[in-house]
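Read through the structure below, which is laid out as structure tokens, and then see the notes.
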Amino acid sequence: MGCGADVAQRVVAEEPEALASMEQELDGECTSDWVGNSCSVADSAACGTGSASVDTINSPNNCELGGMKCDPRPRLCNRNTKTYWFTATAPLSVYDSLGNVLGNVTTGTKLRINLGTRRTISTVSPNYLAMGFSIPTSNGAVSGWVRPELLDAGYTNIMNWLTQNYRPAPDPGGTYSDWYIIPSNNTPYEGLHVTSDCPAGNMAVHYLGRNGRINLITNLPGKGSPTKAVYPNNTGLNFNRAQVQHSVSMPLYDCSSGSAVKVSRTLDFLYGYVQSGHFGWIAMPNLSTSAP
């Protein structure tokens with residue numbers, strides 16, 4: 001049993017007017033208004049203050065992504081084509097954060113890239129990788145790391161665009177307790193939504209284990225919450241839970257009647273890191289204080 005077994009003082013989020021799914025399109029397609037929404041002008045981005053009167057979700061570690069005015073957060077705009085689509089110029093693979101191949105992509109495949117994150121994986125490339133969202137691959141649609149040099153915009157452009165208003169997730173400091181990534185029990189969350197407007201997506205299970213993987217997300221639902229890292233959930237990976245950050249509880253809704261009905265069950269999130277320097281949130285059903 002890890003020293004973080006006692007998860008106390010949950011912060012219960014107020015019901016935002018429009019909670020986001022894990023991969024929400026906040027602003028739609030890349031804007032065509034290149035004068036009023038220039039790719040050289042930064043859009044607003046901020047971390048929470050921790051003040052309940054200011055933030056819907058009371059956490060200074062809940063940081064919305066930075067981007068430029070043209071970026072359809074949480075995606076990156078391809079400034080060359082003025083869309084948020086990037087095209088594979090050669091066959092490429094999609095990787096999880098340990099360098100395992102999740103699927104393969106053929107030349108000409110179009111994909112989207114998440115803002116706010118980049119990383120290197122030594123077994124894949126010495127260069128930075130970008131996080132692709134819901135990429136159509138040989139194994140279905142998956143989110144994972146891709147090599148920017150194999151996309152039409154090119155490595156230099158993509159890295160420049162990603163870092164124009166880059167905001168890494170903060171290290172809250174203090175002590176960390178040992179948790180472990182495990183396969184989640186998704187059954188209690190099936191059919192429940194993380195928004196109150198009953199959309200086709202925005203499902204609670206999107207935050208849980210799927211196809212043997214779990215996602216670490218940049219921020220909580222309500223500010224885009226795009227995938228920041230992808231890890232296997234069956235190898236007992238250690239999650240270092242930041243003890244100074246209380247768990248945050250998100251409301252869930254049953255839309256089976258055609259309108260949203262808030263249920264008693266919530267989806268709770270913990271903040272920390274799996275690999276040093278990559279902080280984010282993981283839904284608690286994916287975690288255990290006991291090593292598997």
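Report yes if some residue within the range 193-205 is over 22 Å from Phe133 (Cβ atoms), at pLDDT below 95 and over 14 Å from the mean Cα position of the chain (by Cα); otherwise report no. Yes - at least one qualifying residue is present in the range 193-205. Of all residues in the range 143-165, those satisfying the criterion of being assigned to a loop (DSSP other than H, G, I, E, B) and under 17 Å from Thr109 (Cα atoms) are Arg147, Asp152, Ala153, Gly154.
Looking only at residues of the range 96-106 that are surrounded by 17 or more Cβ atoms within 10 Å (Cβ to Cβ) and without any contact (Cβ under 8 Å) to a residue 60 or more places away in the chain, we find that the one that is nearest to Cys30 (Cα to Cα) is Val105.
Residues that are open to solvent by 30 Å² or more (accessible area, probe 1.4 Å) and in contact with a Leu (Cβ under 8 Å, 6 or more places away or on another chain): does the range 163-170 have at least one?
yes
The residues of the range 247-292 that are open to solvent by 50 Å² or more (accessible area, probe 1.4 Å), part of a loop (DSSP other than H, G, I, E, B) and under 23 Å from His193 (Cα atoms), listed by number, are Ser256, Ser257, Gly258, Ser259. When the residues of the range 107-120 are narrowed to those that are of a type in the set (S, T, N, Q) and touching a residue at least 24 places away in the same chain (Cβ under 8 Å), which ends up surrounded by the fewest Cβ atoms within 10 Å (Cβ to Cβ)? Filtering the range 107-120 for residues that are of a type in the set (S, T, N, Q) and touching a residue at least 24 places away in the same chain (Cβ under 8 Å), the one surrounded by the fewest Cβ atoms within 10 Å (Cβ to Cβ) comes out as Thr109. Taken over the range 139-148, the criterion of being open to solvent by 60 Å² or more (accessible area, probe 1.4 Å) and at pLDDT 95 or above is satisfied by Arg147 alone.
Selection within the range 38-58: residues that are modelled with pLDDT under 75, hydrophobic (A, V, I, L, M, F, W, C) and more than 21 Å from the chain's Cα centre (by Cα). The member of this set that is most open to solvent (accessible area, probe 1.4 Å) is Val54. Residue under question is Val35, and the condition is that it be touching a strand residue (DSSP E or B) at 6+ places or on another chain (Cβ under 8 Å) and either modelled with pLDDT under 75 or among the hydrophobic types (A, V, I, L, M, F, W, C) (or both); does it hold? Taking the combined requirement at face value, the residue does not satisfy it. Being in a loop (DSSP other than H, G, I, E, B), farther than 19 Å from Arg210 by Cβ and free of Cβ contacts under 8 Å to residues at least 40 places away in the same chain holds for only one residue in Thr81, Thr123, and it is Thr123.
The values are calculated or read from the model by the stated rules, or taken from the named source; none is laboratory data. A quick note: this is a predicted structure, and the numbers were derived from the prediction, not measured. FYI the Cβ positions are ideal-geometry reconstructions off the backbone, even for glycines, and counts take in every protein chain you see. Note: areas computed on protein heavy atoms with side chains; ligands, DNA, RNA excluded. Shrake-Rupley method; radii C 1.70, N 1.55, O 1.52, S 1.80 Å.
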